[in-house]
Amino acid sequence: MLSATNSRLARWIDRYFYVRISTKITVMYAAILFFVLILSTAILGIGAYIYFYRQAEVDLNRSIYHVMSNIESGNAAEAKFWFEGPVIPGVIVRVTDSAGRVVLDTDAHFPSIETIEAGRVTTPIWADPGMEVSDFQGGAVYHARRNIEYDGIRYQIHFLRTITTEKDFFNSLQRLLFYTVAGCFVLALLAGHFISRRILKPIREITWTARSIEVERLGRRLDIPRARDELSELARTFNRMLDRLQEGFRQEQRFVSDASHELRTPLTVILGYSDMLSRWGREDKNILDEGITAIRSEAENMQQLIEKLLFLARADQKRQAVNKEAVEFSELLADTMEKMQTVTTSHEVTLGRNDHAVVSADPVLLRQLLRIFLENSVKYTPPGGHIHAYSILSDDGKTITVTLTDNGIGIAPEHQARIFDRFYRVDSSRTKETGGSGLGLSIARWIAERHDIKIALRSAVDEGTTITLSIPTITE
């Protein structure tokens, strides 16, 4: 029950939360751009605050230094000093006594000390911690204090610097930046969507092509973009995959057709002889013997064909076992040649030089490999012909070279490249007479590939065939 619920939930998510790659790219890059814009805006705003506050600090510090140095030197004793511009323009000086009464004020219209104190706020991180910051009437005031003593009376000097104009600028700047970020974000969404759709157009074409391709329409291919990028490489890879699939389907169809043809012939013969035996075989002993012999022969051929087909099927599915072990090759070759000499009476089978070598191989498969080539030599060499084998160890001891040669009918050059294809036969009429199915060499090639054995062929019509096998050895 829980599994079914999870399955329905997964289907619902796949159906209603399908998001195109172009949309994902657009959203991702828009989010990155939005983050960058917000970060840059924050840095710009904080930088502007720091700049203007720093400028106000500089004006205050210069004014404080000028006033305090003149007080120490006695130049500030007269009221004239205070009204002729003792500070930088924009900085206001206000002197109060110990009771808080204003003794001197360079700008009487400026808010009172009490108003400024009431608007005091926490000093921002970008402001000088030795100064106070107050907000009032939509503006801000920098406030610094210095204590002095004159004629035994204590006074407090207040230095004030307004930054109201700068604050209005900050507000305008923040609104401008906000509208700019919003506009850039929308523009990035539109541009990203357009660009991503153009960039991913080849991928959509691949999807459409894949949907339209069927077994009967494997000949269709993608157009390769002119630009040499990842998408063009993807299109080339997809076309190469289609080439391999098309060739695989073609081989499969040819294999099924050839296998059906090969199995149809012995079945037809068996059915024909069975029909003949049912009619006349009971009374005629010669017809009975002929029918039984023919049926048995065709059944054996069919059994061999089915065994080869099963072998190749297991090989294609990677289920054919290969049990490698250390094998004394000279003994295996000698034993194989001896058995060939025993079963072959119409040909001369000889073994020449046979060097000792140890190879890593499956002895059953390696023996089958040699037997396939030797049996082919017997089939395609006229009676009385000669079949010879020998092995030579290389000078470095890493390879044993086996040569199998005969003086049979040979193979024409135009056929030599295809003799290892399944069901391929140079002369179907002669092959049928000898009982060949065209699968033996395919099996031999598979065995050779699994043992890293290199096969070389040299043949000419009516001059015989030579097969050379280069087998890696086990070296200490």
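The values are calculated or read from the model by the stated rules, or taken from the named source; none is laboratory data. As the structure is a computational prediction, the values presented were derived from the model and not from experiment. Quick reminder, even Gly has a Cβ in these numbers, built from the backbone with ideal geometry, and neighbours come from all protein chains shown. The accessibility values were calculated without ligands, DNA or RNA, using every heavy atom of the protein model including side chains. Shrake-Rupley method; radii C 1.70, N 1.55, O 1.52, S 1.80 Å.
In the assembled protein chains, Tyr29 presents an accessible area of approximately 140 Å² (probe radius 1.4 Å). In plain terms, the chain from Ile199 to Tyr65 could stretch by 41.8 nm, reckoned as 0.36 nm per residue minus the Cα-Cα distance.
Largest accessible area first, the listed residues Ser260, Ser63 line up as Ser260, Ser63 when surface is computed with a 1.4 Å probe on the assembled protein chains. Taking 0.36 nm per residue of sequence separation and removing the Cα-Cα distance, the Val36/Asp335 pair yields an extension gain of 99.7 nm.
Per-residue surface analysis assigns Trp208 an accessible area of about 140 Å², computed on protein heavy atoms at 1.4 Å probe radius. If R0 is 60 Å, the Cβ-Cβ spacing of His356 and Glu283 corresponds to a FRET efficiency of close to 0.45. Applying 1/(1 + (r/R0)^6) with R0 = 30 Å to the Cβ-Cβ distance of Lys324 and Gln304 gives a FRET efficiency near 0.70.
Spacing of the modelled spin labels on Ser172 and Ile292, each 7 Å from Cα toward Cβ, amounts to 11.9 nm. Largest accessible area first, the listed residues Lys379, Lys398, Lys454 line up as Lys454, Lys398, Lys379 when surface is computed with a 1.4 Å probe on the assembled protein chains.
The Asp243 and Ile392 beta-carbon pair, evaluated with R₀ = 30 Å, returns a calculated FRET efficiency of approximately 0.15.
Counting Lys and Arg as +1 and Asp and Glu as -1 over every other residue whose Cβ lies under 10 Å from the Cβ of Ile92, the net charge comes to 0. Rolling a 1.4 Å probe across all protein chains gives Val186 an accessible area of roughly 80 Å². Classify region 326-476 as rounded, prolate or oblate from the Cα gyration tensor: take a ≥ b ≥ c as the square roots of its eigenvalues, call it rounded if a/c is under 1.5, otherwise prolate when a/b beats b/c and oblate if not. In terms of gyration-tensor shape, prolate. Largest accessible area first, the residues His388, His158 order themselves as His388, His158 under a 1.4 Å probe with ligands, DNA and RNA left out. Pairs spanning more than 28 Å between alpha-carbon atoms, out of Lys318/Lys379; Lys324/Lys379; Lys339/Lys379: Lys318/Lys379; Lys324/Lys379.
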